[in-house]
Amino acid sequence: MGVECAYSFWDLYKAAFGQDAPEEYKQKFFSMSQNKRNREVAQWAEKANWQLDRRLGTDGEIYLAFAPVFT
């Protein structure tokens, strides 16, 4: 398992903003399109100084893997 599998969206959110995501935001996040989620995750990663890696899913969608550092 890669290091990126050890972190959730909410771990990244907390690293970026220093607090847990509000429940209302969590619900909204999962109703977003994949492209919109990717944009949010990219902004969080930049703010938290985490690394990103683009991954192609079996469904043809691009997903962003994230971790403080990929090893």
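Each Cα pair under 8 Å and six or more residues apart adds its sequence gap; the mean of these over the residue count of the chain is a relative contact order of 34 percent.
Taking other residues whose beta carbon is less than 14 angstrom from the beta carbon of Phe17, and scoring Lys, Arg as +1 and Asp, Glu as -1, yields -1. Expressed as a whole percent, the accessible area of the chain that falls on carbon and sulfur atoms is 48 (1.4 Å probe).
The values are calculated or read from the model by the stated rules, or taken from the named source; none is laboratory data. What you see is a predicted model; the values in this text were computed from it and never measured. Positions of Cβ are generated from backbone atoms using ideal geometry, with glycine treated the same way; all protein chains shown enter the neighbour counts. Note: areas computed on protein heavy atoms with side chains; ligands, DNA, RNA excluded. Shrake-Rupley method; radii C 1.70, N 1.55, O 1.52, S 1.80 Å.
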